[in-house]
Amino acid sequence: MQKYRYTAINLQKQKIKGVFIAKDEQDLEQQLAKQSLFLVSAKPYDGGAPSAFFTLGTGKVSISELTAFCRQFSIMLNTHIPILDCLDILKNQSYSSYFRSILSVIYEEVKGGTLLSDALEKQAKVFPDFFRSMVKVGELSGRLDEVFNSLSDYYEKDADLRRKLKAALSYPMMLAAMTVGIVILMLVLVIPTFRETLTKLDVEVTGLTAAVYAISDFLMGTWQYLLVGVVVVGFLIFAVARTEFVGYYVDVMKLKIPLIKTVQLNMITSRFARALALLLSSGMDLNEALYSTEIVLGNRYLLGRFRQASEAIRSGMSLTNAFESYELFPSMMIQMITIGERTNSLSDVLTRSCSFFDAQVETSLNSITSKIQPIMLIIMGAIIGTLFLAVYSPMLSIMTGLGV
């Protein structure tokens, strides 16, 4: 079978363009004739994906767009609109131009007789592995509308957790940025002005003040090189952090540093529980569900142990014993899984446990914020206080000498 991009006209002599799969051009002409379309021209089409330039080369769509897509798709499927008509409507919605072009490609694929899951599989760089696995399960089980509804809930909750994490870290980061900004402002603008005044007064500068003046001179004389250096170092750190080797040890540290560990583990646990419950409730086999759940963990170090536990489960070990042996999740999750296995209601128990771990994430974030904020304020006060002391101590010496 060959895919063709064709141009045809209908009975109203309107020009129609599209993509269709056929044995050859003669078969294409016959298939279009059944739809009251008359072939004008056709050429083989490779179905290449649109340019991913505006996604910074990743080719992925945002979680917000994916969530909206799932929600709208599920609503239309619930009203018994055919899949092809759903895609036709969705490809004209107010998504980014890149996502609309991807949906247009998928629409043409499905229109040509390809299954939705197979069309999504051809856009593996765009849609997450977990999303594609769920759509496949939905098609096989005949519950595609429920799957899309569950997926929209899943991505909404996941996005909400990410927003809470960013919100919790935004204030400490803002304090850090303010501290750096104030220090640079003082070294570049305030200190040179005071230095000029003290030079006119012929005041001897020593100690802390002399050290701060030296730092100011260095910054003023080399700021161009420092700026380039910061950009280069930042780029190198970003590039190195994306490598598998360094990324693995970064993930290890995320689960070892006390303050970060609790948040990370609760986030991973919540995401895992929601994903596994969704897969099991959709009718997927446990072993396949565990394999598909790997993608949502988001931690290479934990993933290695999770795969070992999954292998043990395939060999006959229970989820409780496997997860407990490899110390994957908090004890509360292990207890919930034990209850689910004993009552044969694992998906229901996991679904109920999600809200608990979501709350734990929020509690952990609030705890971190309450501990970091005072520390940042103390550091900020100490740095700025030191600079003010360095600037004003010569002035105080002069005033003391004058008996003021």
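A few comments on the model shown:
- Those residues of segment 304-321 which are under 19 Å from R274 (Cα atoms) and buried (at least 16 other Cβ atoms within 10 Å of the Cβ), in sequence order: F306, A309, S310, L319, T320
- Remark: pairs (first residue in segment 286-311, in contact (Cβ under 8 Å) with a residue 60 or more places away in the chain; second residue among the aromatic types (F, W, Y) and open to solvent by less than 10 Å² (accessible area, probe 1.4 Å); Cβ separation under 7 Å; 6+ apart in sequence or on different chains) = S292/F130; T293/F272; I295/F130; V296/F130; V296/F272.
- The single condition from (1) open to solvent by 40 Å² or more (accessible area, probe 1.4 Å); (2) under 23 Å from S367 (Cβ atoms); (3) touching a residue at least 12 places away in the same chain (Cβ under 8 Å) that L175 fails is (1).
- Residues of segment 82-121 satisfying the condition of being surrounded by 15 or more Cβ atoms within 10 Å (Cβ to Cβ), assigned to a loop (DSSP other than H, G, I, E, B) and modelled with pLDDT of 85 or more: K91
Residues checked against (1) in contact with a helix residue (DSSP H, G or I) (Cβ under 7 Å, 6 or more places away or on another chain); (2) modelled with pLDDT of 80 or more; (3) in a helix (DSSP H, G or I):
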residue: E324; (1), (2), (3): yes, yes, yes
residue: M333; (1), (2), (3): yes, yes, yes
residue: M336; (1), (2), (3): yes, yes, yes
residue: T351; (1), (2), (3): yes, yes, yes
residue: L365; (1), (2), (3): yes, no, yes
residue: I378; (1), (2), (3): no, yes, yes
residue: G385; (1), (2), (3): no, yes, yes
residue: V391; (1), (2), (3): yes, no, yes
residue: P394; (1), (2), (3): yes, no, yes
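- Comparison of G298, G316 shows that the only residue that is at positive phi and touching a helix residue (DSSP H, G or I) at 6+ places or on another chain (Cβ under 9 Å) is G298.
- Only one of the listed residues (A33, A52, A8, A68) is at pLDDT 80 or above, small (G, A, S) and under 30 Å from G138 (Cβ atoms). That residue is A68.
- Meets criteria (aromatic (F, W, Y) and farther than 30 Å from A273 by Cα) for F388: yes
- Segment 235-255 - residue that is hydroxyl-bearing (S, T, Y) and assigned to a helix (DSSP H, G or I) and, of those, least open to solvent (accessible area, probe 1.4 Å): Y248
- Filter result for the condition that a residue is over 26 Å from Y154 (Cβ atoms) and either in contact (Cβ under 8 Å) with a residue 60 or more places away in the chain or touching a Leu at 6+ places or on another chain (Cβ under 8 Å) (or both), over L328, L387, L365: L387
- Test: residue in segment 184-200 that is in contact (Cβ under 8 Å) with a residue 40 or more places away in the chain, among the polar types (S, T, N, Q), outside any loop (DSSP other than H, G, I, E, B) and open to solvent by less than 90 Å² (accessible area, probe 1.4 Å): no
- Residues that are touching a Pro at 6+ places or on another chain (Cβ under 8 Å) and surrounded by fewer than 22 Cβ atoms within 10 Å (Cβ to Cβ), drawn from segment 256-271: none
- Breaking point among (1) buried (at least 16 other Cβ atoms within 10 Å of the Cβ); (2) in a loop (DSSP other than H, G, I, E, B); (3) at pLDDT 85 or above, for V126: (3)
- Segment 206-222, residues that are free of Cβ contacts under 8 Å to residues at least 24 places away in the same chain, open to solvent by 70 Å² or more (accessible area, probe 1.4 Å) and under 21 Å from G181 (Cβ atoms): D217, F218
- Residues that are farther than 23 Å from S345 by Cα and part of a helix (DSSP H, G or I), drawn from segment 282-306: I295, R300, Y301, L302, L303, G304, R305
- Members of segment 331-362 that are without any contact (Cβ under 8 Å) to a residue 40 or more places away in the chain, farther than 17 Å from D160 by Cα and open to solvent by 50 Å² or more (accessible area, probe 1.4 Å): S331, M332, Q335, I339, E341, R342, T343, N344, R352
The values are calculated or read from the model by the stated rules, or taken from the named source; none is laboratory data. All figures in this text were calculated on a predicted structure; none of them were measured in a lab. Glycine also receives a Cβ, built like all others from the backbone with ideal geometry; neighbour counts cover every protein chain displayed. In case anyone asks, the SASA skips ligands and DNA or RNA and just uses the protein heavy atoms, side chains included. Shrake-Rupley method; radii C 1.70, N 1.55, O 1.52, S 1.80 Å.
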